[in-house]
Amino acid sequence: MKEKVIYGILGIFFGGGLGFLLGGGESSRDELHTERSVVEPRMVREKGKSHSEASLSGASYEEITSQPGQTARISALIELYSNLEIDQFAAEAEKLDDLPFSERILAAYLLFASWAEVAPLDAMEHAKTKMGFAGNFVKPTVIQSWAASDPISAAAYYEENQSEFSMMGMMGRRGGRGAQSSGAAIVAGEWAKRAPEAALAWAESLKGKDSDQATASVLKELARTDPSKAARMLTEVDEGNRSAAYQSIAAQWASTDWKATESWMAGLAKADRDLALSSAVTSLAKNDPVLAADKVLTIDDDRRRGQAMEQVAGELAKTDPVGAMDWVMKNGSEDLQKEAVGDVLRPWVAQDRQGAYEWVSSQPEGEVRDSAVTSYIFSDQSGPVEERITLAGTISDDRSRDRALGMAAFQWISEDQEAGTAFVENTDLLSERAKERVLRRANR
């Protein structure tokens with residue numbers, strides 16, 4: 001597996017702390033407003049009740065992973081790591097290198113989340129000095145778990161060590177619609193669960209993107225439980241920090257109360273309304289795609305409307321792919337149609353392969369048809385391979401045809417090596433480079 005693929009998977013697992021599952025300190029709201037000071041690396045753990053009453057209670061890591069039952073194993077791992085003494089964590093972290101990759105990422109996620117709750121500086125130091133590049137994926141887990149227990153100290157650490165979290169933006173880690181999940185956003189979001197006003201004040205004290213993303217994270221978290229309050233607080237936020245927050249509030253609010261969300265958006269300036277509405281309708285589409293399909297057309301900005309329409313089309317297609325495709329073709333620009341046909345065809349092929357095939361085959365020549373055929377080829381794994389070969393051969397764009405036809409030809413070789421290989425060697429529809437690539441892949 002290539003490094004960038006491994007790092008992508010690591011990003012998924014180390015994307016956020018597990019503090020809310022493991023439990024944290026119960027600092028009072030008043031304590032959160034006291035002067036910040038970074039906690040000492042050796043904190044005292046208060047023994048609590050077991051996280052699991054299963055037979056794996058008290059087992060070693062080796063005993064846990066040798067047992068059947070994924071849920072039981074995870075529960076037992078949580079218990080194992082949450083009951084470690086502070087001086088045992090480093091030794092457990094060293095054991096991770098000996099584990100299979102699939103086990104290592106889960107165990108590391110749980111271990112560092114628990115470690116950060118009792119000795120966050122130790123956990124952070126280990127990630128920085130003992131784990132190499134992989135430590136960049138662990139640090140977000142550490143800072144979130146730390147912030148879940150002691151947001152004031154986590155915030156102070158972040159401010160003094162911002163450069164340690166710069167890789168998060170490069171890795172494209174996101175904290176939800178409208179907010180890039182920087183270290184500042186992670187801390188602010190956890191802080192907001194306890195004291196949103198204090199968290200917002202800290203977010204606004206930051207600079208640049210950190211301030212924007214942290215502000216959005218606070219308001220997004222508050223919007224989960226009290227969107228109207230989040231909207232009111234937004235009016236007190238510096239105007240330069242509002243963009244991502246409009247999207248976060250709109251997405252959260254629209255999922256529970258569309259009428260209230262729409263009323264709030266009506267009072268926004270035109271550009272802000274489009275920004276909020278594009279996020280709101282994609283959230284609405286998960287519960288009411290038909291209504292979302294109507295509302296998304298009221299977005300004035302072409303780019304934002306197109307992006308939102310693509311998301312809405314995908315939601316519509318889950319229950320009515322024929323209607324979704326009809327909606328896309330009637331209301332979308334050619335650029336949108338090229339992008340959205342894939343979102344509709346994937347569920348359509350799964351529900352009615354023949355119907356999807358007939359629709360794709362009937363489309364007039366052009367870029368939209370090329371995109372549709374390509375999406376169909378990559379979505380269909382059950383139809384006759386000769387049918388896919390014929391369809392892929394009708395793509396007019398050379399590069400797109402090489403991709404789609406190459407995929408279909410590779411599948412043919414997998415099913416019938418002699419016939420598939422003969423086709424690749426003799427066809428004029430594939431470029432010589434594409435032929436070589438398909439045959440090399442098939443012969444591995």
Heads up, the helices (runs of 4 or more DSSP H) in the range 353-444 (entirely inside) with at least 3 residues that are under 29 Å from Leu336 (Cα atoms) are 353-361, 367-379, 385-392, 398-415
Selection from the range 234-265 of residues within 14 Å of Leu200 (Cα to Cα) and hydroxyl-bearing (Ser, Thr, Tyr) yields Thr235
Restricted to the range 210-241 and to residues being of a type in the set (Ser, Thr, Tyr) and buried (at least 17 other Cβ atoms within 10 Å of the Cβ), the residue nearest to Pro289 (Cα to Cα) is Ser217
Pairing a residue in the range 422-438 that is under 14 Å from Ile395 (Cβ atoms) and at pLDDT 95 or above with any residue that is of a type in the set (Asp, Glu) and not in a helix (DSSP H, G or I), where Cβ atoms lie under 9 Å and the two sit 6 or more apart in sequence or on different chains, gives none
Taking the range 273-293 and keeping only residues that are of a type outside the set (A, V, I, L, M) and surrounded by fewer than 17 Cβ atoms within 10 Å (Cβ to Cβ), one is left with Lys286, Asn287, Asp288
Within the range 193-237, the residues that are assigned to a helix (DSSP H, G or I), over 21 Å from the mean Cα position of the chain (by Cα) and among the β-branched types (Val, Ile, Thr) are Thr225
Here the residues within the range 296-309 that are surrounded by fewer than 21 Cβ atoms within 10 Å (Cβ to Cβ), of a type in the set (D, E, K, R) and touching a helix residue (DSSP H, G or I) at 6+ places or on another chain (Cβ under 8 Å) are Asp300, Asp301, Arg304
Can you confirm whether Met168 is buried (at least 24 other Cβ atoms within 10 Å of the Cβ) and modelled with pLDDT under 90? yes
When the range 242-269 is checked residue by residue, the ones that are surrounded by fewer than 21 Cβ atoms within 10 Å (Cβ to Cβ) and of a type in the set (S, T, N, Q) are Ser243, Ser255, Thr256, Ser263
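Could you grab me the full set of residues in the range 80-93 that are surrounded by fewer than 21 Cβ atoms within 10 Å (Cβ to Cβ), in contact (Cβ under 8 Å) with a residue 12 or more places away in the chain and not polar (S, T, N, Q)?
Leu84, Glu85, Ile86, Ala90, Glu92
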Only unsatisfied item for Glu262, checking (1) over 25 Å from the mean Cα position of the chain (by Cα); (2) assigned to a loop (DSSP other than H, G, I, E, B), is (2)
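The values are calculated or read from the model by the stated rules, or taken from the named source; none is laboratory data. Since this is a predicted model, take the numbers as computed values, not measurements. Note that we place each Cβ from the backbone using ideal geometry, even for glycine, and neighbour counts take in every protein chain shown.
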